[in-house]
Amino acid sequence: MRVNIVYRRMWGSLLILLTLLTSLQGAYTPLELTIRVYDDGYVAVDYVISLDPTLVEVNVTLFGLLYQDLVVEDQGGLPLNYSEFRGGIGIESLGSTSAHITYTTPDLTNKTGRLWLLSIETPISATIILPEGAAIMGLSEIPLSLTTVDGSPLLIMPPGRVEIYYALGVVGTREHALALIKEGEAKLEEAKSEGLKVEEAEKLLEDAYREMEEGNYAQAEELASRALEEITGIIEEAHGAMEAMKSAEEAVDKAREEGRTKGLGEAERVLQKASEAYEAGDYVEAESLAFKAREVAEAAERPLTPYLYIAIGGAAAAAAIAFLLRRRRHDEIDVEELLEKRPDLRFEDREVIRFLAESGGEAFASEIRDRFNIPRTSAWRLIKRLEREGLVEVRKVGGHSLVRLRRVE
């Protein structure tokens, strides 16, 4: 009995040892590798490897860390079981002489501006197919061959580290102009679906298309870019105005529920003007009026005694005086030093910053419009741009936008 138990333990240990010996890391040979890159940066990987049919399991290193639509088949097209680990898969390969692995991954590309980078470490020569119309801007290695198939660059790269910089729609070409126009048209449809006024931007896109047809690709790109910026700005302004009007309506409803009717009629009149401005397409004015309506609604009160009017008037005067004193006490900012740190700023942005510095570090949006004689929407987009850059901060004072320089370290 004891002898049988000993034999069983020996055989069990032997089977475990055989399993370990037949499960080898890297016990495969790469045969073929094809990388197809799509417009959105996703990459389709087609990988063929040879296997030792006597091995129970083989760990295969893949490219990237995320494997979507992963399929593993043997030499006869039959599916093979596998398990994923970070950086690859373990294939149950007993009896298989090869494996065909296909999947997609977003991990092999990244984008900076309009420039894409494909980066991959290949164990063998790899066939790489870039998107249709792509322009190769840089290569880490000289390709073994370079051709074009159906408008797509096809490269065969040597083994090792492969880095390919490419652009979709090169500046100054018909393809790039058309891509910008298409992007603008899509944004235009989005704005129209919301009922927004975008006639000027639509005219810019029509002009861009005409310039492109006449072969003036640079002009077409400029017009399409302006149209896209205009539409994006209008959508942002409209959304801001809609949120402000919604907030004002809630403030009016709350005041009415609480019985604070004194001054509420003025809030409703201002809110009506905001709605009219929105319908007319003046979204900046609509937002400004909506903010004012909300402030009036929030300040609405129950009927007061005559004595309290005097106290309220005094408090308002004190607040106004404090605000003016605060403006005067605003710390001076070395504007030239600030501008030296930001050489990328546009000319008009730099001039507005200088104007703010000359105005004690802050000014109302209306003062900026009057100083530079620019439309309300253009001024608002300029201010928003400076705010995104962290150079100014904007807050509401009496229903008006106060723009203040920020100290940049």
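Scan region 340-396 for residues that are of a type in the set (Asp, Glu) and within 20 Å of residue 229 (Cα to Cα) and report the count. It would help to see each step written out before you state the result.
To start, the set of residues in region 340-396 that are of a type in the set (Asp, Glu) comprises 340, 344, 348-349, 351, 358, 362, 367, 370, 387, 389, 393.
Then keep just the ones that are within 20 Å of residue 229 (Cα to Cα); that gives 344, 348-349, 387, 389.
Qualifying residue count, region 340-396: 5.
For region 163-180, does any single residue satisfy the condition of being more than 31 Å from the chain's Cα centre (by Cα) and either aliphatic (A, V, I, L, M) or over 30 Å from residue 202 (Cα atoms) (or both)? Give the derivation first.
Taking region 163-180 first, the residues more than 31 Å from the chain's Cα centre (by Cα) are none.
Checking region 163-180: not a single residue is more than 31 Å from the chain's Cα centre (by Cα) and either aliphatic (A, V, I, L, M) or over 30 Å from residue 202 (Cα atoms) (or both).
Select from region 271-292 the residues that are part of a helix (DSSP H, G or I), touching a residue at least 60 places away in the same chain (Cβ under 8 Å) and of a type in the set (A, V, I, L, M) and list them in ascending order.
At the first step, the residues of region 271-292 found to be part of a helix (DSSP H, G or I) are 271-279, 283-292.
Filter again for touching a residue at least 60 places away in the same chain (Cβ under 8 Å), leaving 283-285, 288-289, 291-292.
Within region 271-292, 284, 289 meet the criteria.
Pull up region 333-385, narrow it to residues that are of a type in the set (Ser, Thr, Tyr) and in contact (Cβ under 8 Å) with a residue 24 or more places away in the chain, then point me to the one that is surrounded by the most Cβ atoms within 10 Å (Cβ to Cβ).
In the first step, residues of region 333-385 are kept if they are of a type in the set (Ser, Thr, Tyr); the result is 359, 366, 377-378.
Among the residues that remain, those that are also in contact (Cβ under 8 Å) with a residue 24 or more places away in the chain are: 366, 377.
Working: 366: 13, 377: 18.
If we take residues in region 333-385 being of a type in the set (Ser, Thr, Tyr) and in contact (Cβ under 8 Å) with a residue 24 or more places away in the chain, then 377 is surrounded by the most Cβ atoms within 10 Å (Cβ to Cβ).
Residues are listed down the side, and each one gets a yes or a no for (1) surrounded by 15 or more Cβ atoms within 10 Å (Cβ to Cβ); (2) under 14 Å from residue 34 (Cα atoms):
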| position | (1), (2) |
| --- | --- |
| 99 | yes, no |
| 102 | yes, yes |
| 118 | yes, yes |
| 138 | no, no |
| 159 | no, yes |
| 163 | no, no |
| 176 | yes, no |
| 188 | yes, no |
| 192 | no, no |
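Pick from 80, 66: which is under 27 Å from residue 156 (Cβ atoms), assigned by TED's automatic domain parsing to the domain that holds residue 163 and either modelled with pLDDT of 95 or more or under 40 Å from the mean Cα position of the chain (by Cα) (or both)?
Details: 80 fails: under 27 Å from residue 156 (Cβ atoms).
After applying the criteria, what remains is 66.
If a residue has to be surrounded by 16 or more Cβ atoms within 10 Å (Cβ to Cβ), within 17 Å of residue 64 (Cα to Cα) and not aliphatic (A, V, I, L, M) to count, how many in region 83-97 make the cut?
So the count comes out to 2.
Every residue, every condition in (1) among the hydroxyl-bearing types (Ser, Thr, Tyr); (2) within 11 Å of residue 249 (Cα to Cα); (3) at pLDDT 90 or above, yes or no:
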| residue | (1), (2), (3) |
| --- | --- |
| 269 | no, no, yes |
| 278 | yes, no, yes |
| 284 | no, no, yes |
| 288 | yes, no, yes |
| 294 | no, yes, yes |
| 301 | no, no, no |
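For residue 209, state whether it is aromatic (Phe, Trp, Tyr) and either part of a strand (DSSP E or B) or surrounded by fewer than 16 Cβ atoms within 10 Å (Cβ to Cβ) (or both). Break it down into steps so the answer makes sense when it comes.
Values: aromatic (Phe, Trp, Tyr): yes; either part of a strand (DSSP E or B) or surrounded by fewer than 16 Cβ atoms within 10 Å (Cβ to Cβ) (or both): no.
Taking the combined requirement at face value, the residue does not satisfy it.
Please list, ordered by residue number, the strands (runs of 3 or more DSSP E) wholly in region 135-197 having 2 or more residues that are in contact with a Gly (Cβ under 7 Å, 6 or more places away or on another chain) and either among the aliphatic types (A, V, I, L, M) or under 20 Å from residue 112 (Cα atoms) (or both).
Filter on region 135-197 gives 160-168.
So residue 237 fits all but one of (1) buried (at least 17 other Cβ atoms within 10 Å of the Cβ); (2) within 19 Å of residue 208 (Cα to Cα); (3) among the acidic types (Asp, Glu); what number is the exception?
With (1) buried (at least 17 other Cβ atoms within 10 Å of the Cβ); (2) within 19 Å of residue 208 (Cα to Cα); (3) among the acidic types (Asp, Glu) applied to residue 237, the lone miss is (2).
Of all the residues that make up region 276-288, how many are more than 15 Å from residue 364 (Cα to Cα), touching a helix residue (DSSP H, G or I) at 6+ places or on another chain (Cβ under 8 Å) and hydrophobic (A, V, I, L, M, F, W, C)?
Total meeting the criteria: 2.
Of the conditions (1) assigned to a strand (DSSP E or B); (2) buried (at least 18 other Cβ atoms within 10 Å of the Cβ), residue 55 satisfies every one except a single condition; which number is it?
(1)
Condition check ((1) in the same structural domain as residue 44 (by TED's automatic domain parsing); (2) without any contact (Cβ under 8 Å) to a residue 12 or more places away in the chain; (3) closer than 20 Å to residue 47 by Cα) across all residues:
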site	(1), (2), (3)
104	yes, no, yes
109	yes, no, yes
113	yes, yes, no
116	yes, no, no
132	yes, no, no
137	yes, no, no
163	yes, no, yes
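Listed here are the residues, each with its yes/no results for (1) aliphatic (A, V, I, L, M); (2) in the same structural domain as residue 278 (by TED's automatic domain parsing); (3) modelled with pLDDT of 90 or more.
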residue: 203; (1), (2), (3): no, yes, yes
residue: 208; (1), (2), (3): yes, yes, yes
residue: 216; (1), (2), (3): no, yes, no
residue: 223; (1), (2), (3): yes, yes, yes
residue: 234; (1), (2), (3): yes, yes, yes
residue: 242; (1), (2), (3): yes, yes, yes
residue: 261; (1), (2), (3): no, yes, no
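The values are calculated or read from the model by the stated rules, or taken from the named source; none is laboratory data. Keep in mind that this is a model prediction, so the values were computed, not measured. Neighbour counts run over all protein chains shown; Cβ positions are idealised from the backbone, glycine included.
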